[in-house]
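Undergrad: One structure coming up, written as structure tokens, with questions to follow.
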Amino acid sequence: MLKLHNLSKLYRTDEVETVALDQVNIEIDAGEFVAVMGPSGCGKSTLLNIIGMLDTPSDGTYLFNREDVTEYTEAQLANLRKQNIGFIFQSFNLIDELSVAENIELALLYHEDVSAGTRRERVAEIMDKVGIAHRAKHMPSQLSGGQQQRVAIARAIVGNQGLILADEPTGNLDSAHGQEVMEMLRGLNAEGTTIVMVTHSPAHADYARRTINLFDGHVVTESLRDAV
């Protein structure tokens, strides 16, 4: 599904050049659950942003479903992104002025071929799937952190995206709610969704089949664990 070949990312200012990623080579197959770990500043979020087509590499190639997207225009990247990728963030990134159902439906508004009726049916189905249907009309401020992350997960999967990118999805949650979120991600992966997750937690990385460790922009180790 994903192949990064000799991929590098440099950030330049007038006085400083920072190497965020340096000659990274990673392949991720469809259906994998991959955790990305490493100390702060090692390039984890930069890697996730490039995989998610929110940022572009300075050098190297990025193949998505065997297509080289390195030279795609922003419009092409945006179209590919909305059709294939869902995002889950540490800070939930919900819109305070919209209800739970409206926050989830927002992700479908970019799909012009989906009718209003189909959107409502899909939102109802996904809310039930993640156990948040009873909060459909509530606003984000009326939800617990765990419930807000459930809404964020629902928004990420409502369009049937095959790839979920999760950036510290349990970072703002207590241990119990964090475990609930990880179990949900494991369940989505068992249904065939590919998941790439940045985490600082070794316990949460254990939910993944493979762990990639970054240090100073390099892949330093990879480990594979038995399926559970």
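Undergrad: Would you mind checking which residues have amide H under 5 Å from Asp59's amide H? H placed 1.01 Å from N; only 5 or more apart, or other chain.
TA: Sorted by chain and number, the residues that satisfy this are Ser8.
Undergrad: Right, here's the next one. Given an 8 Å cut-off on Cα distances and at least 6 residues of separation, report the relative contact order of the chain as a percent.
TA: 29
Undergrad: Over the Cα atoms of the chain, compute the convex hull volume and normalise it per residue, giving Å³.
TA: Measuring per residue, one finds 136 Å³ for the Cα hull of the chain.
Undergrad: What list of ³J(HN,Hα) values in whole Hz, one per residue of the range 208-224 in order, does the Karplus curve 6.51 cos²θ - 1.76 cosθ + 1.60 (θ = phi - 60°) give from phi, with Gly and Pro shown as x?
TA: Those phi angles translate into 7, 7, 9, 10, 10, 9, 9, 8, 6, x, 10, 7, 9, 8, 9, 9, 10 Hz.
Undergrad: Show me, for the range 8-16, the HN-Hα J-couplings you get by feeding each phi into the Karplus relation (A = 6.51, B = -1.76, C = 1.60, θ = phi - 60°), rounded to Hz, glycine and proline as x.
TA: Result, ordered by residue: 10, 9, 10, 10, 10, 10, 4, 10, 10 Hz.
Undergrad: On to the next question. With θ taken as phi - 60° and the coefficients 6.51, -1.76 and 1.60, list the Karplus ³J(HN,Hα) couplings across the range 47-53 in order, rounded to whole Hz; mark glycine and proline as x.
TA: Once rounded to whole Hz, the list reads 4, 5, 5, 6, 4, x, 6.
Undergrad: Mind listing the long-range amide H neighbours of Leu21? Cut-off is under 5 Å, sequence gap 5 or more, other chains count too, H placed in the peptide plane at 1.01 Å from N.
TA: Lys9
Undergrad: A further question on this structure: How big is the range 34-139 along each principal axis, measuring the range of its Cα positions in Å and listing the largest first?
TA: Cα spread of the range 34-139 along its principal axes, largest to smallest: 46, 36, 25 Å.
Undergrad: I'd like to compare 129-136, 205-212: which one has the highest average count of other Cβ atoms within 10 Å, and what's the full order after that?
TA: Taking the mean over residues of other Cβ atoms within 10 Å, the ranking is 205-212, 129-136.
Undergrad: Here's another thing I want to ask about it. Going by average Cβ neighbours within 10 Å, how do the peptides 15-28, 109-122 rank, with the highest at the top?
TA: 15-28, 109-122
None of the figures in this text is laboratory data; all of them are computed from the coordinates on show. Please read all numbers here as calculations on a predicted model, not as lab measurements. A quick note on method: Cβ atoms are made from the backbone with ideal geometry, for glycine too, and the neighbour counts reach across all protein chains shown.
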